[in-house]
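Right, one structure below, let's go through it.
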Amino acid sequence: MDGRDVRGHYDGLAAEYDEHWVYGPDYVPWMSGRIVEALRLGPTDRVADIGSGTGLFATEVARQLHPQHPILCVDPSAAMLGQLGTPPPADLAPVVASAEDIAEGHTQLPYEQLDAMWLKESVHHVADPAHTLRGLAGRLAPGGRLLVVMLPATIQYPLYEAALARFEELQPDPAVIEGHLRAAGLKARLSYVEHELRIDRDKYFGMVRARYMSLLSTFTDSELEKGIEEMRVVHPEPVLVFPDRFAFVLGRRGGESA
């Protein structure tokens, strides 16, 4: 999808986005904790969540971290950022901008440099990841960290076959993203984390019907309904249990932070 398609997809999901993404009570705290741990975040860090959406994970990171500087919630969808509230919490600061806007310096941020930033499941929306990640790396302070959280090249979600096949066609390889961070001058490493999901089958089918993954917006309504019927046959169990595995691609700029 191009930038307008992506923005339209998330504008349409904004009001119910958190409902679709909160698989269970443990998921968001677990993922947010892994982000804090991987980036070695401290309360004095200047931090940005690039592609934050509704701020679902930034909110939990702020709860765990108690930051002295508001975490920047950067997203091109004003509707998604609007879910932060009016006014937003004091420890979060919405910034309507894309990753490309930040990388190119088109959007002025309240911090001259960032100590840490993360992109969770948004790098696949970037048209030129190598160029954009290089620009984002340039916004880091000495010792700054950049984390790309993304799904691996293949997933074990209980989706229908056509959706799984299209995912594999479109999903970037985490090893390639690691190479982009190295090319941007960062020390980079790739690791994986995994969390078991247990979710009511009907709830998951409803999430698929609502196109909770942007991938699903590439299917027509009739294709989607056909896929859900396929899922009903393959997965008759009332509770779906499957691994949610993520690649953590971490880059660190040389030098010492101030």
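No value in this document is a laboratory result; all are computed from the given coordinates. Predicted model only: the values in this text are computed from it and were never measured. Here the Cβ is made from the backbone with ideal geometry for all residues, glycine too, and neighbour counts use every protein chain on show.
For the stretch 130-153, a residue qualifies if it is within 16 Å of Ala183 (Cβ to Cβ) and either small (Gly, Ala, Ser) or assigned to a strand (DSSP E or B) (or both), and the qualifying residues are Ala130, Gly135, Ala137, Gly138, Leu140, Leu146, Val148. Among residues of the stretch 86-130 being among the charged types (D, E, K, R) and within 16 Å of the chain's Cα centre (by Cα), the one that is nearest to Glu37 (Cα to Cα) is Lys120. Counting just the residues of the stretch 163-198 that are aliphatic (A, V, I, L, M) and exposed (fewer than 15 other Cβ atoms within 10 Å of the Cβ), which one comes out nearest to Arg209 (Cα to Cα)? Among those that are aliphatic (A, V, I, L, M) and exposed (fewer than 15 other Cβ atoms within 10 Å of the Cβ), it is Ala165.
Scanning the stretch 79-113 for residues that are touching a strand residue (DSSP E or B) at 6+ places or on another chain (Cβ under 7 Å) and more than 23 Å from His124 (Cβ to Cβ) yields Leu84, Pro88, Asp91, Leu92, Ala93, Leu109, Pro110, Gln113.
Of all the residues in the stretch 235-255, those that are closer than 27 Å to Pro174 by Cα and not in a strand (DSSP E or B) number 3. Regarding Arg232, is this residue in contact (Cβ under 8 Å) with a residue 24 or more places away in the chain, crowded, with 17+ Cβ neighbours inside 10 Å and not in a strand (DSSP E or B)? Criteria not met by Arg232.
For the condition without any contact (Cβ under 8 Å) to a residue 60 or more places away in the chain and more than 28 Å from Pro67 (Cα to Cα), Glu112 does not qualify.
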